[in-house]
Amino acid sequence: MKKLSSLLSVVLACSCAHAATDVAQAAAEPSFFGTWWAILPPLLAIALALVTKEVYSSMFAGIVAGGLLRSGFSFEGTLAHVVKDGFIASSASADHVGILLFLVFLGALVAMMNKTGASAAFGRWAQAHVKSRAGAQASTVVLGLLIFVDDYFNCLTVGSVMRPVTDAKRVSRAKLAYLIDSTAAPICIIAPISSWAAAVAGFAQDAGAASGFALFVSAIPYNFYAILTIVALFLFAFMKFDFGPMRRHEAAVADGGPDLDALEDATASLVNNDRGRVVDLVVPVLMLVACCVAGMLYSGGYFEEARPGIVQAFSDSDASLGLALGSTAALVLTVAFYLCRRVVPFRACMDAFPEGFKAMVPAIMILCCAWTLKAMTDSLGAKEFIAGLISGPAAGLQNFLPAIIFVVAVALAFSTGTSWATFGILIPIVLAAIPDSPLTIVAISACMAGAVCGDHCSPISDTTVMASAGARCDHIAHVNTQLPYVLTVAAVSFVAYVVAPFAGSAWIALPIALALLIVTFFILKQFCQRRKP
């Protein structure tokens, strides 16, 4: 009897524990989970940011809204979820810590360059060799295309190097921010050797693709938004026209007036050190590029005994770790280089560390808020909500599915501020919905293109924040001025994704899209010439 009694006690205890677990799981998923409420917090943050022109309070309001929905409007639950599961958990992530370290070290490197007088020397060199505003814009685009390894690195490096050039040729900071933002993610998403290629290949591999990297490469010609965005940059530069809010910013600077939304005066921030030369800027940038590439290869196991190939190493790399390692090594080498050149004393190099950190504080604050807002969205079941949209009525539209996926990806990336999370959510859904179909490559490309587009125009996107920081432009001004440009290219891309399944080949659909983009630009230029700025 004692044994039977003990057995019954164990069974009862297990039953109670199981019931308690079920209750806890039910409580863990609020009634708002997996519904449209999941994307309300980021939409609220975006709306407030655009209306109030103030990004910190707007993002915090979205974070608090997410905490309230998740906790069922409990004060204690909201506070715990926002602080513990939001800010602390997001900021303590190894990937995010690596990105923050990279930002701080890059800020220190830029401050050090400024102390040498290298930025001022490069500005003088650029004034002598870059002859026009169109040349300054085209040079910025070309440099952005050359730095295809990672978008974070692209944004801040191109901004630091080209800001003196564009200032000298009277290109507004808002236009510079647009040029930076439009080369960062778009070139990374079509470059086989990049952190983005590694991320997409990993998501596809996890979703059951035979070769995630092969899928990524096959999708490149169908990535209409990325390709058209890069083409649009050259069209804007050489057709010499602007529209929307950007036109007002460019007109003000071109007429000799002050830059409307620059965060600092460009000439006042440059140090006139007689020892500084262009080489003092070029060599550290080259070392930073080389060290960051080496760091990513190291994180991908390239330097191990049974090392993989370079492409495989990039596919397996940890971009956050690689950039942190690369920036650390580059910073040490730069200090040694400057000391050997005797352009600045050791004390001045050390003073650049807190100055660089201070310069990056606004970007770091916005990044932490953006990561926390994403955590709130994830906890409300955004993935489940989007999955329902894709696998519901849209699944039966067949040839129009790539265009629908493009729109859904734009909306999701715009709401969450991250293209990588959009990849992670949509790529498995797309591969499950249309496996081994002629539409698979087109649909995957639409997913990637839409994610980049939504990320490009979202005010809570980390790359949008970094483009503002790199250009030293007011963040909301950057968002407002580039939005009409992004939407124009997005509209042409949408038409291309409608045409592509019927065309049957990217080499038919892509020329059609390019022709449509050029015609659209000619029409816009004619319209703008008839109206005063």
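The values are calculated or read from the model by the stated rules, or taken from the named source; none is laboratory data. Keep in mind that what you see is a predicted model, and the values were worked out from it rather than measured. All Cβ positions, glycine included, derive from the backbone under ideal geometry; neighbour counts span all protein chains shown. For accessibility, only protein heavy atoms count, side chains too; no ligands or nucleic acids. Shrake-Rupley method; radii C 1.70, N 1.55, O 1.52, S 1.80 Å.
When only residues in region 43-70 that are buried (at least 19 other Cβ atoms within 10 Å of the Cβ) and small (Gly, Ala, Ser) count, which is farthest from Leu380 (Cα to Cα)? Top of the filtered list is Ala49.
Within the option set Ala503, Ala496, being crowded, with 19+ Cβ neighbours inside 10 Å, more than 30 Å from Ala254 (Cα to Cα) and of a type in the set (A, V, I, L, M) holds for one residue only, Ala496.
Beta carbons closer than 8 Å, at least 6 apart along the sequence or on distinct chains, pair a first residue in region 273-287 that is open to solvent by 100 Å² or more (accessible area, probe 1.4 Å) with a second that is among the basic types (Lys, Arg) and at pLDDT 85 or above for Arg275/Arg341; Arg275/Arg342. The selection criterion, being closer than 23 Å to Ala251 by Cα, of a type in the set (A, V, I, L, M), at pLDDT below 90 and in a helix (DSSP H, G or I), does not hold for Ala121. Beta carbons closer than 9 Å, at least 6 apart along the sequence or on distinct chains, never pair a first residue in region 363-384 that is at positive phi and surrounded by 22 or more Cβ atoms within 10 Å (Cβ to Cβ) with a second that is among the hydroxyl-bearing types (Ser, Thr, Tyr) and modelled with pLDDT under 80. Identify, please: which residue in region 233-269 is closer than 30 Å to Val335 by Cα and open to solvent by 50 Å² or more (accessible area, probe 1.4 Å) and is, among those, modelled with the lowest pLDDT? Only one residue fits best here, namely Thr267. Looking across region 76-94 at every residue that is loosely packed, with under 12 Cβ neighbours inside 10 Å and modelled with pLDDT under 85, the one that is farthest from the chain's Cα centre (by Cα) is identified as Ala92.
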